1. Across segment 419-435, which residue is nearest to Arg401 (Cα to Cα) among those that are without any contact (Cβ under 8 Å) to a residue 40 or more places away in the chain and touching a Leu at 6+ places or on another chain (Cβ under 8 Å)?
2. When residues of segment 117-152 are filtered for being within 27 Å of Glu203 (Cβ to Cβ) and touching a helix residue (DSSP H, G or I) at 6+ places or on another chain (Cβ under 6 Å), how many remain?
3. Is it the case, given these coordinates, that Val255 is surrounded by 18 or more Cβ atoms within 10 Å (Cβ to Cβ), free of Cβ contacts under 8 Å to residues at least 60 places away in the same chain and either of a type outside the set (D, E, K, R) or outside the structural domain of Leu171 (by TED's automatic domain parsing) (or both)?
4. In segment 380-484, which helices (runs of 4 or more DSSP H) lie fully inside it and hold 2 or more residues that are closer than 28 Å to Glu215 by Cβ, out of contact with any His (no Cβ under 8 Å at 6 or more places or on another chain) and assigned by TED's automatic domain parsing to the domain that holds Pro314?
5. Starting from segment 324-342, keep only residues that are in contact (Cβ under 8 Å) with a residue 12 or more places away in the chain and at positive phi, then list their pairs with residues that are small (Gly, Ala, Ser) and surrounded by fewer than 24 Cβ atoms within 10 Å (Cβ to Cβ) whose Cβ atoms are within a distance under 7 Å, requiring at least 6 positions of separation or different chains.
6. Identify, please: which residue in segment 299-315 is touching a residue at least 40 places away in the same chain (Cβ under 8 Å) and outside any loop (DSSP other than H, G, I, E, B) and is, among those, surrounded by the most Cβ atoms within 10 Å (Cβ to Cβ)?
7. Being at negative phi, assigned by TED's automatic domain parsing to the domain that holds Leu190 and over 36 Å from the mean Cα position of the chain (by Cα): is that true of Arg144 here?
8. Might you let me know whether segment 235-246 holds any residue that is among the hydrophobic types (A, V, I, L, M, F, W, C), buried (at least 16 other Cβ atoms within 10 Å of the Cβ) and either within 29 Å of Trp121 (Cα to Cα) or in the same structural domain as Arg134 (by TED's automatic domain parsing) (or both)?
Amino acid sequence: MGKKLELRYVEELLALGRRLDRFPEELGGRSLGVTMAEELLRVRDREGGMRTLKANAAQQAFEAARGQHNIVLKARQMGMTTWVAARFFLRTITKQGVMTVQVAHTREAAEGIFRMVQRFWEYLPWYMREGPLRRSVSNVGQMRFPELNSEFRVVSAADGSAGRGLTMQNLHCSEVSRWPGDAGATLAGLRAALAPGGEMVLESTPNGAYGCFYEEWIKAGNDGGLVQHFFPWWLEKNYVAEAVTECSLEELALVERHGLSAEQIGFRRGLESSYRGLRSQEFAEDPETCFKATGECCFDVEAVERRIATVYEPVQRRRGGALLVWLPPVPGKEYLVAVDTAGGGPDGDYAAVQVIDLETGLQCAELQQRLPVLQLAKVAAELGREYGRAAGREALLVVERNNHGAGVLAYLDAVERYTRVWQQSSGGAGWLTTAANKPGMVSRMGALLVESPWIFASKRLLTECRTFVSREGGQTGAANGTHDDCLMAMAIAQAVRAEWLVRRR
């Protein structure tokens, strides 16, 4: 291909790039970008064959409402990853100096997205592939167009350095609710690399009422700078099955509210038998229940959410907000101070201290802070003496003796001379959390959250309850990127209180 002809094709591409989001009269209300996607790009269909890309209902709805920064909550297989990839591919091949990055939740998903983008290029007209859109680099996850100085990359969120050192004009984060590790930190790094004026799409199916994606969705609803898009399962025309002849009251309400057909209700019934409690998560029907349908959270999410909505502000904030007090000590009351220890490093887990009323279980105060062992022992002793003065003696102090707890107990004894330390019935000072007693501690917290939610005052604690999940092998713990120190300190406090009440009889 001659140089002059190639330059002309480059100029024509750039001219199209300047008009991608315009709506020429001759296109009948559709943007130039949508028209180009449908005429130029090919995708693999559900049967494995190749077809031209035609915007489905969800994709059309996204195009009609999208902004510069977007968050998409959707049911499974709505085609949003495909559509955003197509949109950003066109923006990459019709503009100069563009860096596009798509971030998948796993390496396998990233490879799948890149194969799709590879097909976009392979089915372009030959004069584009051999001329202005020749690639100088095309390996797994990366293609570069030297004539435009533009590049398209697909990476995995499992790569801790995803997007680091880049300046992006287009950023698509796929299945954010399932990103591994500290998803919030990964997303913050990617956002920092997005150029002013750059376009961003966060997109995912729901995965519980916790975590980075859930928090981004909630913030967006409170004017967090992201345009919200919700796409329920019935926007996908293939989600149909044998028609239902008689509908339940719930089904009739859906038919009336959303105009669902008998065939769509039949499909929904099939989902009930296949997915059971996770139907409304995998095949979302509204942006509230789809988050709360997860089977992973150890606690009743609705009970936790209700309590979060009604908690009141602490009456005191100390230590820069790390120590919160809702109920100061009252004369004649007995109190328990429970300590969940940590190493105290700048990037490690927090140490947590909970103060509760021994008689009622009411949460009185809470500390969450990264503290070295000696300082944690000092702060715990100070709280024990402050709340103990109400009864004329030190408050009962219990320290989880796992890991760094032995050091805290040693300092309490040798340095602080603290005398009223809980002795576990099985022997030894403090509390030992084991695989045998942890399920009971978690179950007790779950029962209290449902039966006596009013005893908990801390939003920090309740937020940790929302992100405390079941894992493979029957284990439980904080979801990726979250903490459970306030929760475990409270679980220890309530477990010790239960034993104390039995011993007192």
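1. Gly430
2. 6
3. no
4. Those helices (runs of 4 or more DSSP H) span 438-451, 459-466.
5. Correct list of pairs: Gly332/Ala390; Gly332/Ala391.
6. Across segment 299-315, the extreme among qualifying residues is Val304.
7. It is false that Arg144 is at negative phi, assigned by TED's automatic domain parsing to the domain that holds Leu190 and over 36 Å from the mean Cα position of the chain (by Cα).
8. Yes - at least one qualifying residue is present in segment 235-246.
The values are calculated or read from the model by the stated rules, or taken from the named source; none is laboratory data. Note that the structure is predicted; figures quoted are calculated from it, not measured. Every residue, glycine among them, receives a Cβ derived from its backbone with ideal geometry; neighbour counts consider all protein chains shown.
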